[in-house]
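Novice: If you scroll down you'll find the structure; I have some questions about it.
The values are calculated or read from the model by the stated rules, or taken from the named source; none is laboratory data. These numbers were taken from a predicted model, which means no experiment stands behind them. Please note: Cβ atoms are built from the backbone with ideal geometry, for glycine as well, and neighbour counts cover all protein chains shown.
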Amino acid sequence: MITFSQIPLSEIELGRMDAEYYRPELVMLAKSISTNPHVSIRRAGASIDCSAFYPSIVPYYDFKQNGVPFLRVNEIQNGLLSIDEKTAFLPEEILHVNRSTIATCEPGDLIIAKGGNSLGKVALLTSLYSKYSVCRDVLVVRTGNLSQINRFFLWLYLHSASGQSLLIRTASQTGQPHLTIESIARLKIPLIPNHEQEEIERSYLAAEAAMEIARSAYIQAQQLLESELGLDKLRFDKPVGYTARFSELELSLRFDPEHFYPTFKALCAGLPETVSLEPLYRFAEPLKTGIQPTYLEDGEYEVINSKHIGVNKIDTSKLRRAAPASYSVMADNGDVLLNATGRGTLGRCAVLETDIPRIFDVCIIRIRPIGIDPYFLSALLNTRFGQLQMELHTRGTSGQLHLYPRDARKILIWPAPESLQAEVRELMTKAARSAQEATRLLEQAKFRVEQLIEEAVQA
């Protein structure tokens, strides 16, 4: 079916001749907001900023969370700010260099991905850190001087279906569509009653408190494990060079230098005597990867892929569906799912909690534990101890990194005493429950925002 929209010449906006901009549903939505009480982001008091060109700062990246978080597109996850061990931090002095062009921002400000596959993704900066810095791929909406609308409503509106449609609609239609400071500043926001905005704020603050409980419990679990393994006391100097025996090459059938990087050996040498290591395959069914799915809107099973798996969390809220005909491998409750591809995502794993089996794709390894608690195993694999081994067993070039089941099964784990496993499990499940409560509160607030927008544009 062909869809078309007729627009009077007088309504053609300067510089916009692309058909996508004048899709009927977008034109109607924009008109509805314009004919009801509204305010532009600029007139509401917000200012838009971004980082200008800066020389390479990669050598200054710190992944031990020392300094100021350097926010990139990957830190924006489902409307929320996600800071983990993959987040780079910058030393304060880099941000105070004379005429520094790296923009900084504060809790309460919004960040928006301005291009690429993440175009329009938005997040609200929490009070976890007193200052943030941003890369060139992210725009900052400073909310300190907002009036008529509060930051929580603005954030949820931009994250809603209507807000996202109109936000992405404003993108410059060049070879690579991107958002600009001016396009965001002119975006119109529907006005809703103050008491509704205050209720949205209360929902968010309750969700943020639940998120903090979840974050704290995850950190406690990781610190407990690292303390038991002695990782908190180990310090490594990066070697200038290192060697490997020919017998090691012959046994591993590996010739890439990364596989023989000595840090993990040094780590093992410093483990307490009470810690004995065993290969993963002794505590799991044979490791399996999925098959590339054929997606169907009415498919019988939902599909989990690598973008749904974070560190100790799996987002099952927006799964696509596929037909099960060619699948013999399913993921079920209590399985540990491990990302097996991609720089920055490889190595992340989490326990699947589900009432129904799900399909997973070729980029994921399923670990079905035997004789070891799945929550403990997931937490262990997400520590530096587990992540170093992922790096050692990864194959491929920088653009095509992959961890195969035949290599993952060799990962060494610690079958810790049951009391320790139970303690880690308790912390992990506490974190999961709090994260779920935060998600529920945010979805409730988001739904209310969408209701209010619908009521406003239909008035």
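Novice: Can you pull out the residues in the stretch 390-415 that are closer than 25 Å to Q220 by Cα, within 22 Å of the chain's Cα centre (by Cα) and touching a residue at least 60 places away in the same chain (Cβ under 8 Å)? Please lay out each step first, then the result.
Specialist: The initial filter retains those residues of the stretch 390-415 that are closer than 25 Å to Q220 by Cα, namely 390-391, 411-415.
Then keep just the ones that are within 22 Å of the chain's Cα centre (by Cα); that gives 390-391.
Scanning the stretch 390-415 gives a single hit, E391.
Novice: Residues of the stretch 27-47 being touching a helix residue (DSSP H, G or I) at 6+ places or on another chain (Cβ under 6 Å) and over 15 Å from L158 (Cα atoms), which ones?
Specialist: Listed by number, the residues that qualify are S32, N36.
Novice: Just the residues that are surrounded by fewer than 17 Cβ atoms within 10 Å (Cβ to Cβ) and in a loop (DSSP other than H, G, I, E, B), please, taken from the stretch 278-298.
Specialist: E285, P286, I291, Q292, T294, L296, E297, D298
Novice: So T345 fits all but one of (1) closer than 27 Å to E226 by Cβ; (2) in a helix (DSSP H, G or I); what number is the exception?
Specialist: Unmet condition: (2).
Novice: May I pose another question? Going through the stretch 316-352 one residue at a time, which ones are of a type in the set (D, E) and surrounded by fewer than 16 Cβ atoms within 10 Å (Cβ to Cβ)? I'd like the intermediate steps shown before the answer.
Specialist: Within the stretch 316-352, the first condition is being of a type in the set (D, E), and the residues that meet it are 332, 335.
Across the stretch 316-352, the qualifying residue is only D332.
Novice: In the stretch 189-208, what count of residues is obtained for those that are surrounded by fewer than 16 Cβ atoms within 10 Å (Cβ to Cβ) and not in a helix (DSSP H, G or I)?
Specialist: 1
Novice: Of the numbered conditions (1) under 27 Å from G79 (Cβ atoms); (2) out of contact with any Pro (no Cβ under 6 Å at 6 or more places or on another chain); (3) modelled with pLDDT of 90 or more, L319 satisfies every one except a single condition; which is it?
Specialist: Among (1) under 27 Å from G79 (Cβ atoms); (2) out of contact with any Pro (no Cβ under 6 Å at 6 or more places or on another chain); (3) modelled with pLDDT of 90 or more, the lone unmet condition for L319 is (3).
Residue-wise test of (1) in the same structural domain as D84 (by TED's automatic domain parsing); (2) closer than 30 Å to Y21 by Cβ.
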residue: P177; (1), (2): yes, yes
residue: I184; (1), (2): yes, yes
residue: Q197; (1), (2): no, yes
residue: I200; (1), (2): no, yes
residue: Y204; (1), (2): no, no
residue: I213; (1), (2): no, no
residue: A217; (1), (2): no, no
residue: Q222; (1), (2): no, no
residue: E228; (1), (2): no, no
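Novice: Of all residues being modelled with pLDDT under 85 and in a loop (DSSP other than H, G, I, E, B) in the stretch 300-311, which is nearest to P357 (Cα to Cα)? Just the residue, please.
Specialist: E300
Novice: Which ones in the stretch 1-55 are in a loop (DSSP other than H, G, I, E, B), modelled with pLDDT of 85 or more and surrounded by 11 or more Cβ atoms within 10 Å (Cβ to Cβ)?
Specialist: N36, P37, I41, R42, R43, A44, G45, A46, S51, A52, Y54
Novice: Starting from the stretch 255-276, take each residue that is farther than 22 Å from T394 by Cα and list its partners that are at pLDDT below 75, counting only C-beta distances under 6 angstrom and pairs at least six apart or across chains.
Specialist: Sorted first by the residue in the stretch 255-276, then by its partner, the pairs are G270/L234.
Novice: Taking the stretch 73-107 only, how many residues are buried (at least 17 other Cβ atoms within 10 Å of the Cβ), within 13 Å of L125 (Cα to Cα) and of a type in the set (D, E, K, R)?
Specialist: Residues meeting the conditions: 1.
Novice: Another question, if that's okay. Does E258 count as modelled with pLDDT under 85, surrounded by fewer than 14 Cβ atoms within 10 Å (Cβ to Cβ), within 30 Å of K318 (Cβ to Cβ) and not polar (S, T, N, Q)?
Specialist: On the way: modelled with pLDDT under 85: yes; surrounded by fewer than 14 Cβ atoms within 10 Å (Cβ to Cβ): yes; within 30 Å of K318 (Cβ to Cβ): no; not polar (S, T, N, Q): yes.
Answer is no for this residue.
Novice: Exactly one of (1) in contact (Cβ under 8 Å) with a residue 60 or more places away in the chain; (2) out of contact with any strand residue (DSSP E or B) (no Cβ under 7 Å at 6 or more places or on another chain); (3) exposed (fewer than 14 other Cβ atoms within 10 Å of the Cβ) is unmet by V58. Its number?
Specialist: With (1) in contact (Cβ under 8 Å) with a residue 60 or more places away in the chain; (2) out of contact with any strand residue (DSSP E or B) (no Cβ under 7 Å at 6 or more places or on another chain); (3) exposed (fewer than 14 other Cβ atoms within 10 Å of the Cβ) applied to V58, the lone miss is (1).
Novice: Another question, if that's okay. Is there a residue being over 27 Å from V73 (Cβ atoms), basic (K, R) and part of a loop (DSSP other than H, G, I, E, B) anywhere in the stretch 355-368?
Specialist: Within the stretch 355-368, one or more residues are over 27 Å from V73 (Cβ atoms), basic (K, R) and part of a loop (DSSP other than H, G, I, E, B).
Novice: For G116, work out the one condition from (1) in contact with a helix residue (DSSP H, G or I) (Cβ under 9 Å, 6 or more places away or on another chain); (2) of a type outside the set (D, E, K, R); (3) over 19 Å from S51 (Cβ atoms) it doesn't fulfil.
Specialist: G116 satisfies every listed condition except (3).
Novice: With S162, S147, S118 as the choices, which residue is among the small types (G, A, S), modelled with pLDDT under 95 and closer than 21 Å to L71 by Cα?
Specialist: Numbers: S162 fails: closer than 21 Å to L71 by Cα; S147 fails: closer than 21 Å to L71 by Cα.
Going through S162, S147, S118 in turn, just one is among the small types (G, A, S), modelled with pLDDT under 95 and closer than 21 Å to L71 by Cα: S118.
Novice: Given (1) assigned to a loop (DSSP other than H, G, I, E, B); (2) at pLDDT below 85, identify the lone condition not met by V275.
Specialist: Every listed condition holds for V275 apart from (2).
Novice: Of all the residues that make up the stretch 80-105, how many are closer than 15 Å to S130 by Cβ, part of a strand (DSSP E or B) and not β-branched (V, I, T)?
Specialist: So the count comes out to 4.
Novice: Quickly run through the stretch 48-68 and pick out the residues that are in contact with a helix residue (DSSP H, G or I) (Cβ under 8 Å, 6 or more places away or on another chain) and over 12 Å from A103 (Cα atoms). Show your work before the answer.
Specialist: Step one: filter the stretch 48-68 for residues in contact with a helix residue (DSSP H, G or I) (Cβ under 8 Å, 6 or more places away or on another chain), giving 48-50, 57, 60, 67-68.
Matches in the stretch 48-68: I57, Y60, G67.
Novice: Residues that are modelled with pLDDT of 90 or more and either in contact with an Asp or Glu (Cβ under 6 Å, 6 or more places away or on another chain) or more than 15 Å from T289 (Cα to Cα) (or both): does the stretch 328-336 have at least one?
Specialist: yes
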